[in-house]
2 protein chains.
Amino acid sequence: MLSPTPRTQLRRKRDRQQTDPTSLHAILDEALVCHLGLVDADGAPLVLPTMHARVGDVVYVHGSSGAASLAADREVCLTVTLLDGLVLARSVFSHSANYRSAVIRGRVRRVTDPDEQLSALEAVVEHLTPGQWDHARRPDRKETAATAVLALDLHEASVKVRQGPPGDPELVAEGDRRWAGVVPVTTVLGAPETCPALPADVAVPEHVRAWSA
Amino acid sequence: MLSPTPRTQLRRKRDRQQTDPTSLHAILDEALVCHLGLVDADGAPLVLPTMHARVGDVVYVHGSSGAASLAADREVCLTVTLLDGLVLARSVFSHSANYRSAVIRGRVRRVTDPDEQLSALEAVVEHLTPGQWDHARRPDRKETAATAVLALDLHEASVKVRQGPPGDPELVAEGDRRWAGVVPVTTVLGAPETCPALPADVAVPEHVRAWSA
C-alpha cells in the first residue's frame with residue numbers, strides 16, 4: 001500500500017486518491033517527463049524538469065550535475081503528471097481535468113556505484129525508447145562519471161486520479177441543455193526524423209519504428 | 001529581458017538559455033499543465049500539478065485551497081515543460097530531449113479581489129478552451145470564494161530550449177553508421193466526448209469543435 005505517512009494522505013478530494021502501487025508504477029512507466037522539486041541553498045523551492053525510469057520500487061532520475069549536487073542526500077519531491085483530458089463542465093466552477101498524477105517524497109540518494117549507475121542509465125534509455133540501449137554506444141567511464149543519477153525510493157508516494165465526465169450532471173435535470181463533456185488529451189510520438197549527418201541509406205531501425213508513428 | 005537575477009541565470013548549457021520574454025510567453029500560452037513547487041511547513045519541497053493562464057506579465061495559477069494556503073505570500077517555483085522530441089543519439093551519453101521549459105520564481109500572491117479573481121478564472125478557462133467562458137455558467141459568489149487563485153509575476157524567469165538533431169554527428173565522420181535522430185512528441189486534443197447526462201440532440205459547440213480533433 002502507498003502513502004503510509006500523514007503528508008502523503010490527501011486532505012481534499014480523497015476519492016481521487018489511489019493506494020494501489022500498480023497505479024503508481026503505471027504512471028511512472030508511462031510518463032516521459034517528471035518534475036523534480038528541491039529546496040535551494042537559500043531555502044527557496046526549485047522545480048526542474050527531467051527524465052526518469054522506475055526499477056522495482058526505486059525511481060532513477062537523470063540529473064544535471066548542478067541539480068544533483070543541490071538534491072543529493074536531501075528531501076526532494078518528484079511529481080509526474082499525465083494529462084488525459086480537459087473536463088468542460090456546464091458551470092465554470094466544475095471545470096476540471098482528467099489526469100493521473102504521482103507525488104513521491106523522500107530523501108534522494110546520488111548513485112555512485114558504477115554498476116548501479118550503468119543499469120540506471122540503461123533503465124532511463126529503455127524507458128524512453130525500448131530497444132535503444134542495445135542499439136546505442138555505451139558510455140565510457142568518463143561519460144558515466146559526467147552523468148548524475150539520483151535514486152528515490154517509492155515508499156512515500158501519493159497517486160491522484162480523476163477520470164470521467166464533468167461533475168455537474170445535476171444541472172441537466174434542472175433544464176440546463178448546455179453542451180458539456182471531455183476533450184481527450186494524448187501524447188503522441190511522431191515519425192522519426194533521421195539525423196541529417198547520416199548517409200541517406202541508413203534506415204530507421206525496427207525498435208524505433210515500432211515505438212513511434 | 002528575462003533573468004535579471006543570479007538564480008535564474010543558467011550555470012550549465014548556457015546556449016540553451018533564451019532571454020526573450022516572447023519565448024516565455026509562448027511556452028506558458030501553449031502548456032496545458034504547470035507544476036507549482038513550494039516548501040511545506042516542515043521545510044520539505046512539494047510539487048503539485050495544476051493549471052494556469054498568463055495575462056500580460058503575470059501568471060495566474062489555479063490552486064486547491066490547501067496549496068493556496070501553503071503557498072500564499074511565500075516563495076514558489078512555477079515550472080512549465082513542453083516536450084517536443086526524444087533525441088536518440090549514437091552514444092548513450094548524447095541522448096537528450098527536445099523541449100521548451102520555463103522556470104519562474106518569486107513570491108506568490110493569493111488573489112482576493114473578486115474582479116481580479118473572476119478575470120483570472122476567465123483567463124484560465126479561455127486558455128484551456130478558447131470560447132468556453134461565454135459558453136459556461138459563470139461562478140456565483142460562493143463558488144468564487146471556494147476557488148483559490150494565485151498570481152505570480154514573470155520578472156524572475158528562465159527559459160531553456162533544446163531543439164534539433166542529436167549532438168554527436170562527429171561520430172558519423174568517424175565511421176559510425178548507427179541510426180540516430182529525433183522522435184517528435186506532440187500533445188494532441190482528441191474528439192470531444194459528450195457528457196452522458198445530456199440528451200442525444202445536444203451538439204458539440206463550434207468553439208469546442210474548432211479547438212479539438
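Contact list please: Cβ distance under 9 Å, first residue in region A:102-127 and outside any helix (DSSP H, G or I), second residue among the aromatic types (F, W, Y) and modelled with pLDDT of 95 or more, pairs at least six apart or on different chains.
Pairs found: A:V111/A:Y60.
Conditions: (1) over 19 Å from B:H25 (Cα atoms); (2) in contact (Cβ under 8 Å) with a residue 12 or more places away in the chain; (3) touching a helix residue (DSSP H, G or I) at 6+ places or on another chain (Cβ under 8 Å). B:V92 meets all but one. Number of the miss?
(2)
For residues in region A:55-83 being surrounded by 22 or more Cβ atoms within 10 Å (Cβ to Cβ) and not hydrophobic (A, V, I, L, M, F, W, C), which is farthest from B:K13 (Cα to Cα)?
This residue is A:T81.
Inspect region A:143-150 for any residue being buried (at least 17 other Cβ atoms within 10 Å of the Cβ) and either among the basic types (K, R) or within 27 Å of A:A210 (Cα to Cα) (or both) and give the result as yes or no.
no
Out of curiosity, is B:V76 in contact with a Gly (Cβ under 7 Å, 6 or more places away or on another chain), within 8 Å of another protein chain (Cβ to nearest Cβ) and either without any contact (Cβ under 8 Å) to a residue 24 or more places away in the chain or among the aliphatic types (A, V, I, L, M) (or both)?
yes
Run B:A173 past the list (1) in contact with a strand residue (DSSP E or B) (Cβ under 8 Å, 6 or more places away or on another chain); (2) exposed (fewer than 15 other Cβ atoms within 10 Å of the Cβ); (3) free of Cβ contacts under 8 Å to residues at least 60 places away in the same chain and report the number of the one that doesn't hold.
Against the list (1) in contact with a strand residue (DSSP E or B) (Cβ under 8 Å, 6 or more places away or on another chain); (2) exposed (fewer than 15 other Cβ atoms within 10 Å of the Cβ); (3) free of Cβ contacts under 8 Å to residues at least 60 places away in the same chain, B:A173 comes up short only on (1).
If I filter region A:161-168 for residues that are out of contact with any Phe, Trp or Tyr (no Cβ under 6 Å at 6 or more places or on another chain) and facing another protein chain (nearest Cβ under 8 Å), do I get at least one hit?
There is at least one residue in region A:161-168 that is out of contact with any Phe, Trp or Tyr (no Cβ under 6 Å at 6 or more places or on another chain) and facing another protein chain (nearest Cβ under 8 Å).
In this structure, is B:D20 more than 22 Å from B:E143 (Cβ to Cβ) and modelled with pLDDT of 95 or more?
In short, no.
What's the total number of residues in region B:151-170 that are buried (at least 20 other Cβ atoms within 10 Å of the Cβ) and under 23 Å from the mean Cα position of the chain (by Cα)?
5
Got a sec? Which strands (runs of 3 or more DSSP E) wholly within region B:41-94 have at least 2 residues that are in contact with a His (Cβ under 8 Å, 6 or more places away or on another chain) and under 30 Å from A:E143 (Cα atoms)?
Per the criteria, B:75-88.
Does region A:128-160 hold any residues that are in contact (Cβ under 8 Å) with a residue 12 or more places away in the chain, more than 7 Å from every other protein chain (Cβ to nearest Cβ) and among the aliphatic types (A, V, I, L, M), and which are they?
A:A146, A:A148, A:V149, A:L150, A:A151, A:L152, A:L154, A:A157, A:V159
For region B:49-73, how many residues are within 11 Å of another protein chain (Cβ to nearest Cβ), in contact with a helix residue (DSSP H, G or I) (Cβ under 8 Å, 6 or more places away or on another chain) and at pLDDT below 95?
Result for region B:49-73: 1.
Do we have any residue at all in region A:201-212 that's among the β-branched types (V, I, T), surrounded by 13 or more Cβ atoms within 10 Å (Cβ to Cβ) and either at pLDDT below 95 or touching a Ser or Thr at 6+ places or on another chain (Cβ under 6 Å) (or both)?
no
The values are calculated or read from the model by the stated rules, or taken from the named source; none is laboratory data. Keep in mind it's a predicted model, so treat the numbers as computed, not measured. Glycine also receives a Cβ, built like all others from the backbone with ideal geometry; neighbour counts cover every protein chain displayed.
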